[in-house]
1. Working from Cα positions, state the angle (0 to 90°, nearest 10) between the long axis of helix 135-155 and the longest principal axis of the chain.
2. Taking a quarter of the surface of the Cα convex hull of the chain, what do you get in nm²?
3. Non-local amide H neighbours of E50 (under 5 Å, H modeled in plane, Pro and chain starts lacking H): which ones?
4. Among C25, C117, which comes first, second and so on when ranked by fewest other beta-carbon atoms within 10 Å?
5. Please list the radius of gyration and Dmax for the range 65-112, considering alpha-carbon atoms only, with Å as the unit.
6. Quick check on the chain: helices-only [θ] at 222 nm, where DSSP H runs of length 4 and up contribute -39,500 (n - 2.57) each and the sum goes over total residues. Nearest 500, please.
7. Under a Cβ-Cβ cut-off of 15 Å, what is the net charge of the residues other than V68 that fall near it, where Lys and Arg count +1 and Asp and Glu count -1?
8. What does the C-alpha gyration tensor say about the overall shape of the range 2-90? Classify as rounded when a/c is under 1.5, otherwise prolate if a/b is larger than b/c, or oblate.
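No value in this document is a laboratory result; all are computed from the given coordinates. None of these values were measured; they are calculated from a predicted model. In this analysis, Cβ positions are derived from the backbone assuming ideal geometry, glycine residues included, and neighbour counts consider all displayed protein chains.
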Amino acid sequence: MNATFNKGDVIFRQGDYAATMYDICAGSVGIYADYQTPDEKQLAVLPAGEVFGEMGLIECYPRSATAVAMEDGTQVQEITSKEFSSYFRDSPEKVLSVMKQLSKRLRETTNNYREACRTVYETVETEKKGEEKSGWLKNSLKFFHEVYAGIKGTQE
C-alpha cells in the first residue's frame, strides 16, 4: 500500500505498535526521538530509496522513534509482515539495505556500550583517587545523562 504525506505529517509515533516497515518512494523522512517535546532529537533524515520502521516489522515492539515527512509529497510504500517474504524475492537489494542498517545500528550500540563502560570505569577511578574529572569525562557524563533522561522519560 502506498501513502502520501505532506511536510510535518507523522507517519508513525514513538511507542506505537505495528508490524510494518516503509520504503521511501519520493521525498524524505525525519526520524525523531521524543518528537514535539523539549527533549526532541532528530536522529536521521532518510532520502528516497531508504527503508525505515524495519524493527517494527521484524519484532512487534513499540516504535523506538517517530517518523515525520520532511517534504510535501513524501510517498512511502508500506510493507507488512505478510508482504515481507515476497520482498525477499522481488527486492533483494532492499533486504540487503535493511540488513546493513541493522548491522550499523548494532555496531553503534556496541560502541556506545563500550563508551558507557569506559565512562563508568573512569568515573569510579577518578573518584577513588580524588582527582578532578577530565574534559572528556565531563562531556561523556553529560552525554550519557541526556541519553538516560530521554530513555527514562519514555518509560514513565
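1. Relative to the chain, helix 135-155 is tipped by roughly 50 degrees.
2. 10.7 nm²
3. I24
4. C117, C25
5. In order Rg, Dmax, the Cα atoms of the range 65-112 give 13.9, 37 Å.
6. That comes out to -16000 deg cm²/dmol.
7. Summing Lys and Arg as +1 and Asp and Glu as -1 gives -3.
8. Taking the square roots of the gyration eigenvalues as a ≥ b ≥ c, the range 2-90 is oblate.
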